[in-house]
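Read through the structure below, which is laid out as structure tokens, and then see the notes.
Any read-out appearing in this document is the output of simple, stated calculations on the displayed coordinates, not a laboratory observation. As the structure is a computational prediction, the values presented were derived from the model and not from experiment. A quick note on method: Cβ atoms are made from the backbone with ideal geometry, for glycine too, and the neighbour counts reach across all protein chains shown.
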Amino acid sequence: MALRLGDIAPDFTAETTEGTINFHEWLGNSWGMIFSHPADFTPVCTTELGRTAQLKDEFAKRGVKVIAVSVDALDSHTEWVKDINETQNTTVDFPLIADKDRQVAELYDMIHPNASEKATVRSVFIIGPDKKIKLTLTYPASTGRNFTEILRVIDSLQLTANYQVATPADWTEGQDVIVVPAVSTEDAIKKFPKGVTIVKPYLRTTPQPNK
Ligand code: BEZ
């Protein structure tokens, strides 16, 4: 069955470009992003892994460890990383899992046979420090992912985890956020000293608490 939000991210031990990794041990208490790409030495994937490497400081700032996966072999990954670094002007310094036996692809349901029998689709799983899945995304092979959007969702998830707020449609960093329904208006007024605007009893906003 496909993984769902709130499920524990399946653990595994796999060969990667940074040696053998046990996933849960490697995550430790960090947030994590595991994301699959269809194949090495393909154009869209080259830009995606390059973009992820360029955003290294943004992921680090949020305490998110990043790991990529495809069903290619380790020597293929190692050779391809040289091309990514050269063409995308960056240095890939996160691990790429060599999932030749499809262990990880199957655990995370990353092969969608009606799209491709052989290759992983573009899946993204964001995992919290509790090892639970907080976000799943699936893109087709022909569409490169928007990593700015992925960072935006991580910001929203971390705001919810730390402050009991949610984020409205199209929210971006610095804009007002929404008090989650579980917090009463009375408690919200105490909890959010920057002020609470009561638009409706169920729609209460407050300035972003960590700004
Ligand atoms: C790509 O990364 O460019 C790609 C991979 C598989 C199918 C189509 C595009």
Loop sites in the stretch 131-211: chymotrypsin sites (Phe, Trp or Tyr not before Pro), DSSP, at most 11 other Cβ within 10 Å
TYR202
Kindly list the residues of the stretch 24-46 that lie in the label zone of THR13, defined by a backbone N under 16 Å from the point 7 Å along the Cα-to-C-beta vector.
24-27
Label-point separation, THR20 to THR47 (7 Å along Cα→Cβ), nm
3.8
What is the Cα coordinate range of the chain on the first, second and third principal axes, sorted by size from largest, in whole angstrom?
59, 38, 32
Can you sort LEU96, LEU107 so the residue with the fewest Cβ neighbours within 10 Å comes first?
LEU107, LEU96
Would you mind computing, in nm to one decimal, how far apart the modelled labels at ALA115 and ASP130 are, each placed 7 Å from Cα along Cα→Cβ?
2.8
So, in the chain, how many Lys pairs have Cα atoms under 18 Å apart, if the pair is 8 or more places apart or on different chains?
10
Ranked by GNM mean-square fluctuation in the chain (Cα springs under 10 Å), the top entry among SER156, SER123, SER70 is SER156
Under a point spin-label approximation (7 Å from Cα along Cα-to-Cβ), what is the ASN146-THR172 distance to one decimal in nm?
1.1
List the relative contact order of the stretch 1-97 as a percent without decimals, with contacts defined as Cα pairs under 8 Å and 6+ residues apart.
34
Just from its helices, what would the mean residue ellipticity at 222 nm be for the chain, if runs of 4 or more DSSP H residues each count -39500 (n - 2.57) and the sum is divided by every residue, rounded to the nearest 500 deg cm²/dmol?
-9000 deg cm²/dmol
If I take R0 = 30 Å and measure r between the Cβ atoms of GLN103 and LYS56 in this structure, what FRET efficiency does the formula 1/(1 + (r/R0)^6) give, to the nearest 0.05?
0.65
